[in-house]
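Written out below as structure tokens is the structure these notes cover.
Values quoted throughout were computed directly from the atomic coordinates according to the rules given, and no laboratory measurement underlies them. What you are looking at is a predicted structure, and each value in this text was computed from that prediction instead of being measured. Backbone-built Cβ (ideal geometry, glycine too); neighbour counts: all protein chains shown.
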Amino acid sequence: MEVENQVIVCRIFQDTAAVINKTEAKIKEAKSTKERQYYAQDILLEAGNLLPCSSYNARNPDCMNCFSTLHKFIQEYKYLAEERKM
């Protein structure tokens, strides 16, 4: 799930999105499940750190889009980040 076509005018979000996009590229290149899990955990950490943003304003559409996008990242990567035990 890339955010390149997402236009959210917020420097904090843009910085986080850049890190997440780079990490997604690493997931695609990863050779092992363990490595993909590691990178997915990084995405969850980045998204989770931005959720409680001190600049959040419920009336700002950028904030609402950011919040929604972060939740989508969390939903998408939480299962990959879980360690599967067999």
Cα-based Rg then Dmax for the stretch 31-81, in Å, read 12.8, 43
About its Cα centre, the stretch 19-86 carries a charge dipole, from +1 on Lys and Arg Cβ atoms and -1 on Asp and Glu Cβ atoms, whose size in debye to the nearest 20 is 200
Here the relative contact order (percent) of the stretch 31-81, from C-alpha pairs under 8 Å and at least 6 apart, is 58
Only helices counted: for the chain, with every DSSP H run of 4 or more residues adding -39500 (n - 2.57) and the sum spread over all residues, [θ] at 222 nm is -23000 deg cm²/dmol
The ³J(HN,Hα) series, computed from each phi in the stretch 26-39 with the Karplus coefficients 6.51, -1.76 and 1.60 at θ = phi - 60°, rounded to the nearest Hz and given as x for glycine or proline, is 5, 4, 5, 8, 4, 8, 10, 4, 4, 5, 5, 4, 4, 5
Per principal axis, largest first, the Cα atoms of the chain extend in Å by 46, 22, 16
To the nearest 0.05, the calculated FRET efficiency linking Thr33 and Phe67 through their beta-carbon distance, R0 being 22 Å, is 0.15
